[in-house]
Amino acid sequence: MSFGSQNPRPRGVPLGSLQELLKPTSLKTSREGDSLVVRHENLISRVEVTAPANPELDANKISAIVTIKTLLPKDVESLLGPPGMTISLNILATLSALYREQNGLYIGSRLTVYERDDAWNMQVPLLLLSIIAGVDTLLGGIRRVFSKESPKGGYSEWTEGDFDFIRSYLSRLSVCTGGGLGLSAEFGLKTGEFAAIGGHRNTALWEMSAEQPHPEMGGGLFCLLQLPYQFSDQTKLDRIINELNNMEMEPHDLPPHFGAWCRGRSNSNPAYVSFLPNALHSVSGIGVNFSIWAMARAHWADAMLITMGAR
């Protein structure tokens, strides 16, 4: 395997391996320094490896930040409507988010890599599926909604045994309930608060289901993290959601960003959605890891929302 003068593992990230894995697909790839440029049919994605903003941590040291970013053409941006519309469309995200930067509308995801970790058996499939399907499944889901085309449907490869396994871990950390092809857990955000049934208001609700197929991707694992804050001002809520999606793309110590901030089930609270395709079912421990990342994300977002004036 030859990569010429390009470093196949910038900052330890296996970009060369990702490029090799993409060869059998219809996507065209090239290297530009520490970035992998991926050409879809009508769009270009950039997989960029950069240094962290603050590499030194007490528990671990960040070695690299990997971002996958796709700038949408202006005609596509205009078709998606005003900012409030694009925010609401993020409920259709799988592994990437619609978010706005100064120069336009992007679809993006991020991975923070730590020196002591050796998790490429999970991280490579997540990066690969985000590159291949993150953009197409989100835009495809939006197309189906706008055209009123029937969703794909399809079965999920996640089983009751998978949910029992995830619940066995979450039950040690939270109030976790459910059965069959789904579960829910509550993450306490304040000391002494752990369940809404106990009258506690400061809990985040985590839901996982194998019975909610994605309209474009079909069967898989639907994941939703809901924060308890309610906003009567929709414009303020949308601004906060876009800010959270922007912050997720920054080179900091944050849980992996494979999903999107969107409006929650009440349409007035912030939530984070992910959808894991069946192709990721065989990745060992991925359901548990997404749950642990959701717990970390709930605490991080809670702190950010308070600084933004949420009460």
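Coordinate-derived values only; no laboratory data. As the structure is a prediction and not an experimental result, all values here were calculated from the model. All Cβ positions, even for glycine, are placed from backbone atoms using ideal geometry, and neighbour counts span all protein chains on display.
In order along region 91-104, the phi-based Karplus estimate (6.51 cos²θ - 1.76 cosθ + 1.60, θ = phi - 60°) of 3J(HN,Hα) comes to 4, 8, 5, 10, 10, 8, 10, 7, 8, 10, 10, 4, 9, x Hz; Gly and Pro are listed as x. Here the sum of -39500 (n - 2.57) over DSSP H runs of 4 or more residues, divided by the residues of the chain, equals -9000 deg cm²/dmol at 222 nm, to the nearest 500. What you get for the chain, charging only the Cβ of Lys and Arg (+1) and of Asp and Glu (-1), is a dipole of about 420 debye around the Cα centre. So for region 160-307, taking the charge dipole from beta-carbon charges (+1 Lys/Arg, -1 Asp/Glu), which of 293, 205, 242 sits furthest toward the positive end? My answer, from the dipole projection, is 205. For region 87-182, the set of trypsin sites (Lys or Arg not before Pro) satisfying both a DSSP loop assignment and a count of at most 14 other C-beta atoms within 10 Å is given as 116, 148, 172.
Estimate the FRET efficiency between residue 279 and residue 102 by the formula 1/(1 + (r/R0)^6), using the beta-carbon distance for r and 22 Å for R0, to the nearest 0.05. All intermediate terms of the calculation are to be shown ahead of the outcome.
On the way: r = 34 Å, r/R0 = 1.57.
That pair, residue 279 with residue 102, gives E of 0.05.
Taking amide hydrogens as placed 1.01 Å from N in the peptide plane, the amide H of residue 63 sits under 5 Å from those of 113, 114, 115, each at least 5 positions away in sequence or on another chain.
Computed from phi, the 3J(HN,Hα) profile of region 34-43 under the Karplus parametrisation 6.51, -1.76, 1.60 (θ = phi - 60°) reads 8, 10, 10, 9, 10, 9, 7, 4, 10, 9 Hz, with x in place of Gly and Pro. The H on the amide N of residue 101, modeled in the peptide plane, is under 5 Å from the matching H of 106, each at least 5 residues off or on a different chain.
Per-residue Karplus couplings for region 140-146, computed as 6.51 cos²θ - 1.76 cosθ + 1.60 with θ equal to phi - 60°, are listed in order as x, x, 5, 4, 5, 5, 5 Hz, Gly and Pro entered as x.
Projecting the Cα atoms of 165, 154, 177 onto the dipole axis of region 144-186, where Lys and Arg carry +1 and Asp and Glu carry -1 at the beta carbon, places 154 farthest toward the positive end.
Taking only C-alpha pairs under 8 Å that are 6+ residues apart, what is the relative contact order of region 10-147 in percent?
Working: 195 pairs, mean separation 29.3, N = 138.
In percent, rounded to a whole number, it is 21.
May I ask you to derive the relative contact order of the chain, considering only C-alpha pairs under 8 Å and at least 6 residues apart, and to give it as an integer percent? Could the numbers behind the result be given before it?
Numbers: 609 pairs, mean separation 54.5, N = 311.
After rounding, I find 18 percent.
Could you tell me which of rounded, prolate or oblate describes region 136-260, using a ≥ b ≥ c as the square roots of the eigenvalues of the alpha-carbon gyration tensor, with rounded for a/c under 1.5 and, failing that, prolate when a/b is larger than b/c and oblate otherwise? Judged from the Cα gyration tensor, region 136-260 comes out oblate (a/c at least 1.5, b/c at or above a/b). With a ≥ b ≥ c taken as the square roots of the eigenvalues of the C-alpha gyration tensor of region 196-250, please select rounded if a/c is under 1.5 and otherwise prolate if a/b is larger than b/c or oblate if it is not? Verdict is oblate for region 196-250. Under 13 Å from a point 7 Å along the Cα-to-Cβ line of residue 25: which residues of region 68-101 have their amide N that close? Residues 68-70, 95-96 fall inside that zone.
Local charge for residue 104 was computed over the other residues whose Cβ lies under 13 Å away, with Lys and Arg +1 and Asp and Glu -1, and equals 0.
With the highest mean first, a sort of the peptides 27-40, 123-136, 290-303 on other beta-carbon atoms found within 10 angstrom per residue produces 123-136, 290-303, 27-40.
Using a ≥ b ≥ c from the Cα gyration tensor of region 10-147 (square roots of the eigenvalues), is it rounded, prolate or oblate, where a/c under 1.5 gives rounded and otherwise the larger of a/b and b/c decides, a/b for prolate? Prolate, because a/c is 1.5 or more and a/b exceeds b/c.
Going down the table (23/148; 69/190; 190/236; 152/236; 28/148), which pairs top 28 Å between alpha carbons?
Values: 23/148 34 Å; 69/190 34 Å; 190/236 24 Å; 152/236 34 Å; 28/148 31 Å.
From 23/148; 69/190; 190/236; 152/236; 28/148, over 28 Å: 23/148; 69/190; 152/236; 28/148.
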